[in-house]
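The values are calculated or read from the model by the stated rules, or taken from the named source; none is laboratory data. Worth saying up front: this structure is predicted, and the values here are computed from it rather than measured. Please note: Cβ atoms are built from the backbone with ideal geometry, for glycine as well, and neighbour counts cover all protein chains shown.
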Amino acid sequence: MSLTGIFLILFLVVHCYINAQIFWNDGGHKFEEAAHFMGTNFIIRTVEIGLTAFLLLHIIQGLNLWLSNRSKRSVRYTVSAGNQTSAWYRRSMGVLGSLLLIFLVIHTAKFWIPNRASQISGNGELPLYHLMKDEFQYGWVVIVYIIGCITLSWHLVHGFWSSFQTLGLATHRYKYLINGIGIAFAIIVPLVFALMPLAFYFHWID
Ligand code: HEM
């Protein structure tokens, strides 16, 4: 889970950086340029297959871990220790991950699937900037994205730290550093993502 998680964290950095090009407010010029490179470059397209495989693997591993944790105790605790032994988001990774999965199904159905379908049918790439602009005029779409970003944030607070902990890198010396970077990452990346639908909805960019 740790390695697939780190790969997905790297994907988020690239995805966030490319999408953040919309904030140049240049009618999507810089963003479309970057998106075109990502959408047509052979190496990136190959990595995309890896991304899909890693995402599926991460989900399967998470499900396995959850099932194995459950099977270790046939009798449930009568009293829950609550937040005394671990924070709620550390115990709710399965629920947060499932919510993220629902978000990802909606998200890929809105952008990635139509874009690939258009490419495969020979009609070329879709103008993603305008697609985003249109999609984010709907209040409910913006709300779904904000909820998706909040969920991502909580999932990352534990996930980032946990990835390094499993690899044995969160030693006593680096524990606070990794925790700090993890929390900063879990706030900044989802916040930048959340600003995207808001920027289109409130016409901060055009
Ligand atoms: C909230 C702002 C976001 C916007 C505006 C956005 C926009 C997009 C767009 C336009 C694409 C299609 C790219 C293409 O066709 O090549 C895409 C793909 C994708 N997005 Fe997002 N995204 C956002 C947030 C997220 C988040 C938070 C996640 C993950 C938790 C995510 C995961 C993905 C994935 C897995 C793909 C398919 C990647 C690929 O293989 O090309 N996105 N996104």
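In region 28-66, how many are over 18 Å from residue 16 (Cα atoms), among the hydrophobic types (A, V, I, L, M, F, W, C) and surrounded by 11 or more Cβ atoms within 10 Å (Cβ to Cβ)?
Count: 9.
Tell me, please, whether a residue that is loosely packed, with under 15 Cβ neighbours inside 10 Å and either not aliphatic (A, V, I, L, M) or not in a helix (DSSP H, G or I) (or both) can be found in region 6-13.
So far as region 6-13 goes, no, none of its residues is loosely packed, with under 15 Cβ neighbours inside 10 Å and either not aliphatic (A, V, I, L, M) or not in a helix (DSSP H, G or I) (or both).
Taking residue 156 as the residue in question, decide whether it is within 14 Å of the chain's Cα centre (by Cα), within 11 Å of the ligand (Cβ to nearest atom) and of a type outside the set (Ser, Thr, Tyr).
yes
With respect to residue 50, determine if the residue is touching an Asp or Glu at 6+ places or on another chain (Cβ under 7 Å), more than 24 Å from residue 191 (Cα to Cα) and in contact (Cβ under 8 Å) with a residue 12 or more places away in the chain.
No; evaluated as a whole, the condition is false for this residue.
So which helices (runs of 4 or more DSSP H) stay within region 48-120 end to end and still have 1 or more residues that are at pLDDT 90 or above?
The qualifying helices (runs of 4 or more DSSP H) are 93-110, 112-120.
Please go through region 159-187 and pick out each residue that is surrounded by fewer than 20 Cβ atoms within 10 Å (Cβ to Cβ), over 14 Å from the mean Cα position of the chain (by Cα) and of a type in the set (A, V, I, L, M, F, W, C).
167, 169, 170, 177, 178, 181, 183, 184, listed by residue number.
From the list 38, 1, which one is modelled with pLDDT under 90 and of a type in the set (A, V, I, L, M)?
It is 1.
Every residue in region 102-121 that is under 13 Å from the mean Cα position of the chain (by Cα), more than 10 Å from the ligand (Cβ to nearest atom) and within 15 Å of residue 52 (Cβ to Cβ), please.
105, the sole residue that qualifies.
Within region 140-195, which residues are more than 19 Å from residue 58 (Cβ to Cβ), of a type in the set (Phe, Trp, Tyr) and assigned to a helix (DSSP H, G or I)?
140, 145, 176
With the requirement that a residue be over 24 Å from residue 205 (Cβ atoms) and touching a residue at least 12 places away in the same chain (Cβ under 8 Å), what does region 105-137 give you?
119
Which of (1) within 12 Å of the ligand (Cβ to nearest atom); (2) surrounded by fewer than 19 Cβ atoms within 10 Å (Cβ to Cβ); (3) farther than 19 Å from residue 98 by Cβ is the odd one out, the single condition residue 200 does not satisfy?
All conditions pass for residue 200, except number (2).
Within region 14-60, restricting attention to residues that are hydroxyl-bearing (Ser, Thr, Tyr) and more than 19 Å from residue 127 (Cβ to Cβ), which residue is farthest from the chain's Cα centre (by Cα)?
Here the answer is 46.
Give all pairs with beta carbons closer than 6 Å in which a residue from region 24-44 that is within 24 Å of residue 204 (Cα to Cα) meets a residue that is basic (Lys, Arg); count only pairs at least 6 apart in sequence or on separate chains.
So the pair list comes out as 24/30.
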